RNA sequence: GCAGGUGUACCCGAGUGGUCAAAGGGGUCGGGCUCAAGAUCCGAUGCAUAGUGCUUCGCAGGUUCGAAUCCUGCCACCUGCACCA
């Protein structure tokens, strides 16, 4: 049977929308589930990466609705940002219209996929009814002292014409366009995220983020414990403050290194013979590109500044250098150099002939004067301190002792340093939230009063490719405004906010998206956000950007009393990459555009092979979701995506796999059709099918709860189908049973393939929509083992007989036509029962097994003694590779044996079926000894594993 | 260099110390159905073998009665950070 996916899917989509099936409101009497995907930037149409993201989310949202939870599942658009501004320039329009055109397009794509969003909560961050709350909260942050405007060296992207935050610079390149960033000194707006450094770091221990995301955030925050030490400059009032994580090596300091940009450098060497060298080094570092820097930094280079500093503990005088490897922005931009115990300083000291001194040994009794061939960077007892009270102590105790000594003399103190910087918020672009600040010549910088919000982006701006800079700056009516404080002429801030600000709280806005008096109602947010968003799905690329900003924002708003939760996301799932084949040259280890398929490598000329590579425009190995939906329907695409790989794993696009999933959908449709057309004829298989349903249901629920969607789909779309097929093959044909099976099965189909599931539900004639249906509690399946074991017994016999048939064919000239099955003799079954019983009583077979066996009556039968012994061992201890059967039998099998299953009778009752499966015309079955021992198989016969011979 | 991760059959991918020659899918091969094709259904897919045997889960060792699973070392690949003091 084929079905019209387009008709079925769009019909149900309309019904779901018309009935408001997915609309959810806060209701403290119900358990909630907040399912959220990282909302998209609306860039025209939806791509396969989106499809994967949302198909995972939608399946989970639908699953949790089935489980009776109140599910919040919203969708909106992160619609501020440069692409719309650039597009507007290109076409001479306004970013606002570009954005809304794109939103309409991507939303239509999403709707066609059947995603179950509560569209009442739609939001676009570039709409003033969203970004006015950005401004409102900015004022709140400002009042709480978390906003700061300061002059700072910042990362500037020439291409994007704006500054970037630290998090947005990857390998010295802009995260968006890939162009190298340059350093500029500018007055900029910052959010003081570093106020939350410790909390951001420590809370990572308690949230369910993937390990790699946590590692990246820890790395990014980069907390290190150490000491701040002041080194006075000889013959000067100047003091060099240095941060070190190794105060225990302070007596090994033989020089001080400043970053070339350090303000003291110029001061120290001004007017001396050393000044020229320093200027040269400083200028060299300033113009270094990333590429050059990596190359140059292999070479540690420095210049002496002509002055000396005093070690505050030892009083020793050491030279001061400027070094190219010292980073100005970390710590104080000054390093106390300990060449004996820091490899970098060691290399530097070697090069410039500076003393290398050992002040730590590895073990207590090591020679304290042993020469160092490389820096010893580990911890060990202090030596050669030159001061009393330090030699011999090691590690943290040593650090603490040095810090205590420093604090006593006021020369330093314990200090924690972070790599994390404050969040540089301002952008010199138009398409973002205007920063609600006003610059007044007499009052300084004044916040826009809350009552005057929003500061709206003007719509009467024309964009063209010729213009550069921020159009806001030249928009007179925007810029010129009276000062809210003195009423005099003033100018508006024309910088706008980083778009990551928008996404730092949208998950809270979604909870109460239509609130027009506050950003959101606290109670509503506390309901939906309790424990964080229950499932947050998105790409790993935001590990240290969005995910860190959002965590900061949630904590800051919590402290402002806007919400009570401190962490925004409970479980985070980062979906894996979507790959597709691309031409690949093994020789050059390079991938090429799909246009090169079948050709030769453009660089080395060798024939190109194929490799799976991340789907993307640059390789052209993309697949259009729209095309696939048009061809196979949304359900097939969704099934393919979910079945292709578990959410976190990478997955490969495959046309043949997609088609296979389409066939699977058709098979399911056929099966459901056959189930609906059943006669009423109860039989032995009904009980089995019911049992299988119960087993599958409980596993399914378990794996779905843990977001193992692939396993879930395997059960719902593959396992259930094969069970149904087996039922029918075995003669199952009962209307009542089939209906019960469908009532259990169809809801399981809904998370991945909601449209066909809803269609089936409708065909069943159940009241109400499946989309709104909640599943009843699971029925008890504790008594299902025997009936499942019975079927498993037959399947095992058929499987092993099939294998044997192949062998048998080689040993006989004639066509095989008959099977003789000899079931285990009564004494073997009796032994098996005995072993099972003893095992349940905790009997120790290793110690007492043989004695027990010899005490049995049957053991007196000398003719059988060898076989009895073998059987006993196979039952109890097993062999080196195989455990005894009493350990490997399932509960059902044990029950079968213990209750004395009539193997002969079972096989005889199903002989026709077995004969068909084995393609033989007749089956003979009897217990060993009650007929001829055909082929000597009596010996092989074992409980549940009869001897089988082909004739 | 540091951190996180990965390595399973032709391919993709499951895999709690024993029920693992290893789920499921793709592909391939064979069969049933069909006038035929497609769809669907059934079966096979490491080697050997009239059944309990051998070899295999990146490589090499080890722990264990028993290892794909635990430990150690190494190799390869991916991701992130990187003279961060």
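Tabulated results
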item: Residues of the stretch A:770-799 satisfying the condition of being in a loop (DSSP other than H, G, I, E, B) and modelled with pLDDT under 85; result: A:778, A:779, A:780, A:781, A:782, A:783, A:784
item: Enumeration of residues in the stretch A:929-943 that are more than 10 Å from RNA strand B (Cβ to nearest atom) and either part of a strand (DSSP E or B) or buried (at least 16 other Cβ atoms within 10 Å of the Cβ) (or both); result: A:943
item: Failed criterion for residue A:713 (all others in (1) away from RNA strand B (no atom under 11 Å from the Cβ); (2) within 26 Å of residue A:570 (Cβ to Cβ); (3) in a helix (DSSP H, G or I) hold); result: (1)
item: Residue A:403, sole failed condition from (1) in a loop (DSSP other than H, G, I, E, B); (2) crowded, with 21+ Cβ neighbours inside 10 Å; result: (1)
item: The stretch A:900-913: number of residues that are surrounded by fewer than 20 Cβ atoms within 10 Å (Cβ to Cβ), touching a residue at least 12 places away in the same chain (Cβ under 8 Å) and over 14 Å from residue A:825 (Cβ atoms); result: 4
item: Residue check for residue A:860: over 20 Å from residue A:898 (Cβ atoms), in the same structural domain as residue A:914 (by TED's automatic domain parsing) and either in contact (Cβ under 8 Å) with a residue 12 or more places away in the chain or within 12 Å of RNA strand B (Cβ to nearest atom) (or both); result: no
item: Tally, over the stretch A:754-803, of residues that are within 30 Å of residue A:816 (Cα to Cα) and within 16 Å of RNA strand B (Cβ to nearest atom); result: 14
item: Test result for residue A:261, more than 10 Å from RNA strand B (Cβ to nearest atom), modelled with pLDDT under 90, farther than 22 Å from residue A:198 by Cβ and in contact with a helix residue (DSSP H, G or I) (Cβ under 7 Å, 6 or more places away or on another chain); result: yes
item: Odd one out for residue A:886, checked against (1) at negative phi; (2) in a loop (DSSP other than H, G, I, E, B); result: (2)
item: The stretch A:18-57: number of residues that are outside any loop (DSSP other than H, G, I, E, B), touching a residue at least 24 places away in the same chain (Cβ under 8 Å) and loosely packed, with under 15 Cβ neighbours inside 10 Å; result: 1
item: Matching residues, the stretch A:343-376, being within 16 Å of RNA strand B (Cβ to nearest atom) and in a loop (DSSP other than H, G, I, E, B); result: A:354, A:356, A:357, A:359, A:374, A:375, A:376
item: Pick from the stretch A:641-670, criterion more than 8 Å from RNA strand B (Cβ to nearest atom) and part of a helix (DSSP H, G or I), ranking: surrounded by the fewest Cβ atoms within 10 Å (Cβ to Cβ); result: A:655
item: Qualifying residues in the stretch A:315-340 (those that are more than 39 Å from the chain's Cα centre (by Cα), crowded, with 17+ Cβ neighbours inside 10 Å and assigned to a loop (DSSP other than H, G, I, E, B)) - the one nearest to RNA strand B (Cβ to nearest atom); result: A:338
item: Pick from the stretch A:804-831, criterion over 12 Å from residue A:949 (Cα atoms) and modelled with pLDDT of 85 or more, ranking: nearest to RNA strand B (Cβ to nearest atom); result: A:824
item: Residue among A:539, A:531 that alone is modelled with pLDDT under 95, in contact with a helix residue (DSSP H, G or I) (Cβ under 8 Å, 6 or more places away or on another chain) and assigned by TED's automatic domain parsing to the domain that holds residue A:126; result: A:539
item: Test result for residue A:242, assigned to a strand (DSSP E or B) and surrounded by fewer than 13 Cβ atoms within 10 Å (Cβ to Cβ); result: no
item: Some residue of the stretch A:884-895 being farther than 23 Å from residue A:815 by Cα, exposed (fewer than 12 other Cβ atoms within 10 Å of the Cβ) and either more than 14 Å from RNA strand B (Cβ to nearest atom) or outside the structural domain of residue A:824 (by TED's automatic domain parsing) (or both); result: no
item: Members of the stretch A:866-883 that are surrounded by 14 or more Cβ atoms within 10 Å (Cβ to Cβ) and more than 9 Å from RNA strand B (Cβ to nearest atom); result: A:867, A:868, A:869, A:871, A:872, A:873, A:875, A:876
item: Hits in the stretch A:205-223 (condition: out of contact with any strand residue (DSSP E or B) (no Cβ under 7 Å at 6 or more places or on another chain), within 12 Å of RNA strand B (Cβ to nearest atom) and not in a loop (DSSP other than H, G, I, E, B)); result: A:211, A:212, A:214, A:215, A:216, A:217, A:218, A:219, A:220, A:221
item: Any pair with Cβ under 8 angstrom, 6 or more apart, that starts in the stretch A:793-808 at a residue that is over 22 Å from residue A:896 (Cβ atoms) and ends at one that is assigned to a helix (DSSP H, G or I) and more than 7 Å from RNA strand B (Cβ to nearest atom); result: A:805/A:918
item: Residue check, residue A:74 over 23 Å from residue A:177 (Cβ atoms) and not in a helix (DSSP H, G or I); result: yes
item: Test result for residue A:205, without any contact (Cβ under 8 Å) to a residue 40 or more places away in the chain and closer than 30 Å to residue A:286 by Cα; result: no
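Here's the yes/no breakdown for (1) surrounded by fewer than 19 Cβ atoms within 10 Å (Cβ to Cβ); (2) over 25 Å from residue A:633 (Cβ atoms):
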site	(1), (2)
A:90	yes, yes
A:94	no, yes
A:97	yes, yes
A:103	no, no
A:111	yes, no
A:119	yes, no
A:124	no, yes
A:127	yes, yes
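The values are calculated or read from the model by the stated rules, or taken from the named source; none is laboratory data. Everything quoted here is computed from the prediction, not taken from an experiment. Neighbour counts are summed over all protein chains in view; Cβ atoms, including those assigned to glycine, are modelled from backbone coordinates with ideal geometry.
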